[in-house]
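Just so it is clear, none of the values below were taken in a lab; they were calculated from the coordinates. Just so it is clear, the structure is predicted and the values come from calculations on it, not from any experiment. Neighbour counts are summed over all protein chains in view; Cβ atoms, including those assigned to glycine, are modelled from backbone coordinates with ideal geometry.
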Amino acid sequence: MNPLPIVWANLRRNPFTTVLFVGVVALAVALGIAISAQERALRQGSARAADRFDLIVAAPGSPTDVLLSVVYLDPTAVELLPPDVSAGVLNHPRAAIAAPIGFGDNIEGDPVVGTISAFVEHLSGGLADGRPFTAINEAVVGALSPHAIGETLHVAHGEGSFGGADADAAADSLDHDHDHADDHDEAEHAHGDHADLVVVGRMQPTGTPWDRAVVVPIEYNWLAHDLPIGHAAGETRIGPPFDPAALPGVPAIVVKPVDVATAYGLRGEYRTAQSTAFFPAEVLVELYAVLGDVARVMSALTFAAQALVIAAILAGVVAILDLQRQRFAVLRALGAPPAFVFATAWLYVAFIVVVGSAIGLLLGWAAAGLVSQLVAGETGVAMSASIGATEVGLVLAIVATGLVLATLPALLIYRRPVVHGLRQ
Amino acid sequence: MPGLPLRVTGLRLQLGSVPTVDLAELALEPGTLTVLFGPSGAGKSTLLYLLSGLLVPDEGSVFWGGTDLAALGERQRDRWRGTQAGFVFQNFHLIDELTPLDNVRVTTLFAPRGAAGGKARARELLEQLRVPLDRSRTALLSRGEQQRVAIARALLGDPPVLFADEPTASLDRAAGQQVAKILRDAATIDGRTVVAASHDPDVVALADTVVTLDHGQPASIRSGVPA
């Protein structure tokens, strides 16, 4: 028994309808696949981006805001850690790296982030090109930054531009009086002249918004905001150790503890009235829980939409098969057993469901990839949408449902009296 | 293809308030062409469906040799039609999307292995019936050619019985005469039992037996040498 030539003939008999049905199934499946794959890509991308930010210490407040600022360089105003707490964290003996993070400036829209070179190398896994910054007016750029090594950069401070001051002026201003700046925060900049930057190195890709950043010594950032620069007057070096007496408040400090036990110890130690400490994963898990709830609701809606689509297609298929009932009756008159007619009708629907689902899987994957690219371009978080077991399972569920439901029109055709069809 | 006679006894089928078919006795011998004649609604097609096992009578029997087709189950009647009978319809009922050759071979898709005839036999039948073999779609053939494809399809398995339901009603006179001649030859030359429901005088003229029906009952049964 080989019903395939008849199935193929039936599909060719109404090519527009066949293409329409396959297209509708494909779109319904693609919607589900795209949502599922994109949601996972978002989780994986955001988790990967936070990988190298072991422990974050910040002022009490929303850890989510701090995470968005530090990892994803979202321009959110955050409170500053008090200088004495900052000093304790930055000079903590159990911290392999304690990197202050400072924001507020940009170059042609790309963020200028202040930190220490050890953290840059930690985040980047070694530089791709050039060398770490060793002077206050040097910068290392992210892997996707358009700026080349050796290029001189003019920094825009907040909404305004601070171009024009040269590196010597910046160096001279290291002697600035720091006493007045302790109560500054990110929203209240004391704008002052500062030096142009020279790019000396380029980071490896990190899959984070840091790939587009211009990373400078934290001292440059403090200086630009007329803050104490963490070192005693007259000292020209950059980086740790910092002088507790010359430290301003900082938005956040990323700590790489010497071991896991220390990580938990520091987290507990800095969860006080003056500070908070958290692992990025903790915040992400909370965000994912919300994201997961949204995804579940969307998945349920999508599944309902897919069920409706399949039901609508079945109704259409019943109508089409009804138009072909004379053909089925003739086959019966020629001696075809009912099973042959059932198989022919069932395979007709199965073809539409299976081919539509397969195309939908590819379309969904492509759509998720496109959305990932758009989101990555918007956020700087590298994402790659992929088809996983969840999506394959979803498609298999749709196909299985479709194949089971396909028996309905097949049964209707199978049970129709032959003579009625012949007399149509 | 040694045929067996088809014999009807006490056949009765009532679809409404009035009996649709009421036939006490009828014998259809191999090598003969029997025409079921009468106006529309006389019960010609219904009797044809009863004889072929597509309909089951309320009463009576249709014997194929010693087998009562009316007593068989649906699957067994399907099998009987698939192996012992061919069917020709008024509107051909070919599958337009297939080639003429594939249309002739369509019964091979569900017939028991070897029962329906091979590709060479299908080609031979089309050549005998003068159907062009080079058409990619059956719909490209003339109506007369399409009916000849349908006859070739019915003859592929070399069935001993051939049923034809108004086989010339959709054709012009010349094409109808050709088809009538083919049916006559299927009986005379091939020795088949050929039963045709028709009100075409050209078919009636070639019949060995003409059963004239009126409201499902035989008004007359005329046997004799065809003209």
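For the reader, a short list of remarks on this structure follows.
- Shape index of region A:219-267: Rg/Rh, with Rg the Cα radius of gyration and Rh the Kirkwood radius from the inverse mean 1/r over Cα pairs, equals 1.08.
- Residue-span extension gain [B:Ser220 to B:Ala120] - 0.36 nm each, minus C-alpha spacing: 31.7 nm
- Positive-end ranking of A:Leu287, A:Ala345, A:Met298 along the dipole of region A:197-347, with charges on Cβ about the Cα centre, is headed by A:Ala345.
- Spin-label pair A:Val285/B:Glu29, simplified geometry with 7 Å Cα→Cβ offset, distance in nm: 9.5
- Inter-probe distance in nm under a simple model that places probes 7 Å from Cα toward Cβ, at A:Thr401 and B:Asp96: 3.5
- Simple label model, 7 Å out from Cα along Cβ direction - B:Val56 to A:Ala389, nm: 5.1
- Paramagnetic label zone (point 7 Å from Cα along Cα-to-C-beta, B:Ala174; backbone N under 16 Å) in region B:121-141: B:130-132
- Estimated dipole of region B:81-145 in Debye, rounded to 20 [Cβ of Lys and Arg +1, of Asp and Glu -1, Cα centre]: 200
- Both the radius of gyration and Dmax for chain B are 16.8, 51 Å, in that order, over alpha-carbon atoms.
- Paramagnetic reach from B:Ser136 (point 7 Å along Cα→Cβ, amide N under 15 Å) across region A:1-37: A:12-13
- Cα centroid separation, region A:324-350 to region B:42-101 (Å): 16
- Counted over all Cα-Cα pairs of region B:1-41, pairs farther apart than 16 Å make up 53 percent.
- Residue-span extension gain [A:Arg13 to A:Met298] - 0.36 nm each, minus C-alpha spacing: 98.9 nm
- The protein assembly as shown: Cα Rg divided by the 2.2 N^0.38 Å rule of thumb: 1.68
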